[in-house]
Structure formats: C-alpha cells, structure tokens
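Input: a single structure, listed below in structure tokens.
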Amino acid sequence: MTDHWRAYAEFLPETIHHTQSKAETYTVEGYNSILRHFLARLRRKTKCYTKSLEMLKYSVLLLMKHRNKEIAIIS
C-alpha cells in the first residue's frame, strides 16, 4: 500500500499496487519517526546496528512500554 505518489506506478505493477490517502499513511510514518529518534540501532548502519533480531524486538518492546507508561526506566 502506498499513497498516491505517481512515481510508485513506474516500478510497482498495478495488480499488486494499492493506493490510499496520506491520512492513512501518516500514522505509520509517525511511529517510524519515534522509533528512529529513540533507538540508535534504527538510525544508521555504520555505528549502532542490530546484530540480533531478538534484541531489536526487545528494544522496541521496551520503548513502547515506556512510551505507554507501563514501566519506568531509571537512569
């Protein structure tokens, strides 16, 4: 699924390309932005990157629990 940007039509076949409005995609982009902001492992591949899929999963879960005030992180 993509928004209505014309460039997608050049490399995605119409049979598998479903379009939707910006209103339906901005929420996902907002979450992606939050993850990149708080987790260095999602920003760049050069210095901090995830070697283990399991550790990435736990990092995202901890961040979401903290953002939802389910746990307190003590610094």
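Among residues of region 51-69 that are of a type in the set (Ser, Thr, Tyr), those with a beta-carbon under 7 Å from a residue that is part of a helix (DSSP H, G or I) at least six positions away or on a different chain give the pairs Ser59/Arg41. Here the helices (runs of 4 or more DSSP H) wholly within the chain that include at least 1 residues being at pLDDT 75 or above and within 18 Å of the chain's Cα centre (by Cα) are 22-38, 53-67.
The values are calculated or read from the model by the stated rules, or taken from the named source; none is laboratory data. Predicted model, so just to flag it, every value in this text is computed and none were measured. Positions of Cβ are backbone-derived with ideal geometry, glycine not excepted, and every protein chain shown enters the neighbour counts.
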